[in-house]
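To keep things clear, I will list the structure first and then write my remarks on it.
None of the figures in this text is laboratory data; all of them are computed from the coordinates on show. Small disclaimer: the values here were computed from a predicted structure and weren't measured. Note that each Cβ is placed from the backbone with ideal geometry, even for glycine, and that neighbours are counted across all protein chains shown.
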Amino acid sequence: MDVLHFIFLRVHYATDWQAMTPVDYCLVGFNSIEALIWFGCAAYVFRRNARLHNSGREQLYGVLFVLFGMTDIVETIQVSSPLIWVKLFVLIPLFAMRRMVLGTYNPTPKLI
């Protein structure tokens, strides 16, 4: 197997909807719940922004939560190398935006 194919193109797992095992049900359920949590975080950020700040930075923060939730929806269908890369390229800006938003609107030190 070509290394570049493995790193950038390989489908590691695909859900077979006709022959689901208990593990498949757990994975699909877990990723669905995880997506709902990310969408809930996005809703909280959008609501807080609309109520208090009306900041483009915080809107981008909410959009990143939505994008990360969408990657979890895709993960219920298949796990592939491109998906892992997309998750990484959404997660890094998500952490950066979290740091900026918290630094701007809540500058008190946090444990986490």
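Which of the helices (runs of 4 or more DSSP H) found entirely inside the range 1-77 contain at least 2 residues meeting this: surrounded by 13 or more Cβ atoms within 10 Å (Cβ to Cβ)?
Working: elements: 3-8, 22-48, 56-77.
Of the helices (runs of 4 or more DSSP H) lying wholly inside the range 1-77, those with at least 2 residues that are surrounded by 13 or more Cβ atoms within 10 Å (Cβ to Cβ) span 22-48, 56-77.
Could you tell me which of the residues Phe46, Phe68, Phe95 is touching a Leu at 6+ places or on another chain (Cβ under 8 Å) and hydrophobic (A, V, I, L, M, F, W, C)?
On the way: Phe46 fails: touching a Leu at 6+ places or on another chain (Cβ under 8 Å); Phe95 fails: touching a Leu at 6+ places or on another chain (Cβ under 8 Å).
It is Phe68.
Take the range 62-82 and flag every residue that is in contact with a His (Cβ under 9 Å, 6 or more places away or on another chain) and aliphatic (A, V, I, L, M).
Let us first name the residues in the range 62-82 that are in contact with a His (Cβ under 9 Å, 6 or more places away or on another chain), namely 78-81.
Listed by number, the list holds a single entry, Val79.
Look through Ala50, Ala42 and report the one residue that is among the small types (Gly, Ala, Ser) and within 14 Å of the chain's Cα centre (by Cα).
Ala42
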